Amino acid sequence: MPSVSSKEGARPAQALRHAVRWGSSPTTIWHQRYPRRVRFDADEAAGALLSAKPVLLDKLRAACGVDPGGAREGVREVLRFLALTGHAPGGLTPSPRVDDAWHELILCTREYAALCQRYFGRFVHHDPGGSDDLNHRRFRETLRLYNLHFGPPDPAWWGEVAQNAPRADCGACESPIA
């Protein structure tokens, strides 16, 4: 798999740092609860992560039924979801497909902890739970924030229609201030 870094010969960890700082289409998010700007190209960072941890590609292909390009899209959507968590004091809920990809990513504990620290300044916990009504409200808030920061969500990962899109069965992402 070719490196996503424009720096020739960069190691995967260097490529990941490079993606965060100098992506071709970076996203800047101001976290309301965590006074820190996050700037990264989620697609480039996803590619760098998959290059650094090839087993994640196989796990995503099996869990989400995607090809290598789809695996990269899945990681991109997880990174975007995680970036939004600083905007929702009550937590957010991903779509089932994004949640499946997140489950695979979080099992790569070292890489997950490092990317959370690098991009978001803290570990973003996966804390399932909540009533169906609460999770539905959290999912709608997730979609609202996604549209605000990234534009319309990819229906392959978030559902066809935001109003009726499914939400993850396991609940929400809680990001309490440590």
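Brief remarks on what is shown
- Residue tally, condition in contact with a strand residue (DSSP E or B) (Cβ under 7 Å, 6 or more places away or on another chain) and not aliphatic (A, V, I, L, M), over region 112-140: 10
- Check on A42, aliphatic (A, V, I, L, M), in contact with a helix residue (DSSP H, G or I) (Cβ under 6 Å, 6 or more places away or on another chain) and modelled with pLDDT of 50 or more: yes
- Within the set L92, L82, the sole residue that is under 20 Å from E160 (Cα atoms), touching a helix residue (DSSP H, G or I) at 6+ places or on another chain (Cβ under 7 Å) and modelled with pLDDT under 95 turns out to be L92.
- Count of residues meeting criterion [modelled with pLDDT under 75 and assigned to a loop (DSSP other than H, G, I, E, B)] in region 146-178: 15
- Residue that is touching a strand residue (DSSP E or B) at 6+ places or on another chain (Cβ under 8 Å) and either aliphatic (A, V, I, L, M) or assigned to a loop (DSSP other than H, G, I, E, B) (or both), where the choices are L143, L82, L105: L82
The values are calculated or read from the model by the stated rules, or taken from the named source; none is laboratory data. Just so you know, these numbers come straight off a predicted model, no measurement behind them. Using ideal geometry, Cβ is built from the backbone for each residue, glycine included, and neighbour counts are taken over all protein chains shown.
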